[in-house]
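First up is the structure itself, then whatever we jot down about it.
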Amino acid sequence: LGSTEYCIVKNIVSGQRRVEVGPKLVFLQPYDHIVGDRGKDEKRPAISLKANEYVRFVDRTTGKVRVVLGEQGCVVPGPEESLMDGDKRQALDLQVFEYIKIQDRRTGTVRVERGEKLVFLGPFEEFLGSKQCAIEVDDETAVLARNKRTGQQHLVTKKELFVPTKDEQILEVRKRTKLADYEACIVRDKDGKDVFYFGRNPEQRSFFLPPYSEIVTLKWSRGRRREFRDLHITILDMRPMYMSFEFNCRTNDNVELVLEGSFFWEIVNLPAMIKFTNDTTGDICNHARSRFIELVSKVTLQELMTQFNAIAERVHKADDTDFYGQRGVKIHSLEVTGYSCADPSTAHTLSEIIQETTNRINRLQQQESENEVQLREIRGDIDEENARAELLEIQTKNSNARSKMEGLAEAQRVRSFLNELTTAFPDLDMKSELIGLWKTLRKEDALRTISQGNAKLFFTPQDANLSIENHEHGEAI
């Protein structure tokens, strides 16, 4: 046998077995033979264990289990021992955030091992599942655990790396529920009582769901006709919102129409809504449909086309049943955004009517536009004439003022001329001599002005008061 070998020797007379471990020479005694694996006589290799390995042997005669932990170089079973697990096993390595539960099959007790460490199983121990990660409990995370010994649930909110004890079972990892100012939710406690949480309340806007409690999930209808009831709501939006609808109704003249529109609605009393309905959107649309069918059936198609907005307003404002208020909702407005005929032929006729009406409106608008343009042109002409009249009036005033000033200036010059001549020549006749002399001088000024241009001026002797002499005949004319 080598240093890592062994063999099992059996005496066939007494039936006893012994183990021979190398290094050595083994001499068989009378009636001895080597018991090998699978009925063969052979030597066997010893088991070598590392630091993270172990092996368990079970004695077939007594049932006792022996555990050998590494680090060892030559491990051999006893004469009646066999490998319990078929081979050596590796220890389970746990990190700082990991743990595992181990059960002793002999006593049924359970223990919890958490990292960092190597875990070796005892003689009758087995792992309960695989290794698990510890739960990081912080401001956003809590753990709902059940004590299997007492059967009670408790919520762990202490900030730590949570590892359950041997009697605890993790039921759920819960995140903190946060509500905005406009949000709300319903929590049903262990007694079945509904507690309403509103984001506008500082003490309710952020919380962990308590043990034995659940957030109520509302199941509402969706779709324009509310034909699908699979809209699951847990957090309610308390702000006003729009909701579209579509349904059929029939007029008094037996025309089936498809109405389309929208609600602008709001939840104002959450407890009342929960008390009276489990399908808020479905109830709103169904009640509005009943009201529309009732009111539309009293009018003809022509009347509906001219007053459908008024009918839509009467659907919720003239409702004396307090249907919406009883269910904790408020309808701010209800509008019909469109309608069409369910029957294709009727729809075609209605389309032609609408087209003709549209064309007529367009023509009227076009004529109004042309009339407005012409009216603007007339007003512009009137304004232009008024402005021209004002201009002429101002020009006339200016011309009169200018003439007056020129006349005054001319009179002043005449007065000054006459006064000076009277003083210098007292013998002259004021009315004839002086005035004649002034006219002659003024004619000289006119001649001087004309001579500066290209104009031609013809004077008679009487106008110019000139004397013409003919030197050829020697006599004056």
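The values are calculated or read from the model by the stated rules, or taken from the named source; none is laboratory data. Note that the structure is a prediction, hence the values are computed from the model and not measured. All Cβ positions, glycine included, derive from the backbone under ideal geometry; neighbour counts span all protein chains shown. Each accessible area value is taken on the protein alone, full model and side chains, heavy atoms only, with ligands, DNA and RNA left out. Shrake-Rupley method; radii C 1.70, N 1.55, O 1.52, S 1.80 Å.
Yes/no matrix, rows are residues, columns are (1) touching a residue at least 12 places away in the same chain (Cβ under 8 Å); (2) open to solvent by 70 Å² or more (accessible area, probe 1.4 Å); (3) out of contact with any Gly (no Cβ under 8 Å at 6 or more places or on another chain):
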{"residue": "GLU53", "(1), (2), (3)": "yes, no, no"}
{"residue": "LEU69", "(1), (2), (3)": "yes, yes, yes"}
{"residue": "VAL75", "(1), (2), (3)": "yes, no, yes"}
{"residue": "PRO79", "(1), (2), (3)": "yes, no, yes"}
{"residue": "GLY86", "(1), (2), (3)": "no, no, yes"}
{"residue": "GLN95", "(1), (2), (3)": "yes, yes, no"}
Some residue of the range 31-44 being touching a residue at least 40 places away in the same chain (Cβ under 8 Å), at negative phi and over 60 Å from the mean Cα position of the chain (by Cα): yes
Elements of type strands (runs of 3 or more DSSP E) in the range 1-91, at least 2 residues being within 18 Å of PHE124 (Cβ to Cβ) and modelled with pLDDT of 90 or more: 53-59, 65-69
Checklist (1) out of contact with any helix residue (DSSP H, G or I) (no Cβ under 8 Å at 6 or more places or on another chain); (2) open to solvent by 30 Å² or more (accessible area, probe 1.4 Å); (3) not in a helix (DSSP H, G or I) applied to VAL258, failing item: (2)
Per-region count, the range 330-362, residues under 30 Å from ASP283 (Cα atoms) and at pLDDT 85 or above: 8
Checking THR109 against (1) of a type outside the set (A, V, I, L, M, F, W, C); (2) exposed (fewer than 13 other Cβ atoms within 10 Å of the Cβ); (3) in contact with a Leu (Cβ under 9 Å, 6 or more places away or on another chain), the condition it does not meet: (3)
Some residue of the range 174-186 being closer than 30 Å to ASN269 by Cβ, touching a helix residue (DSSP H, G or I) at 6+ places or on another chain (Cβ under 9 Å) and surrounded by 14 or more Cβ atoms within 10 Å (Cβ to Cβ): yes
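Anything in the range 191-208 that is assigned to a loop (DSSP other than H, G, I, E, B) and touching a residue at least 40 places away in the same chain (Cβ under 8 Å)? List them, or say none.
Of the range 191-208, the ones assigned to a loop (DSSP other than H, G, I, E, B) are 191-193, 199-205, 208.
Passing the criteria: only PHE208.
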Search result, residues across the range 209-220 that are part of a loop (DSSP other than H, G, I, E, B) and open to solvent by less than 30 Å² (accessible area, probe 1.4 Å): LEU209, SER213, VAL216
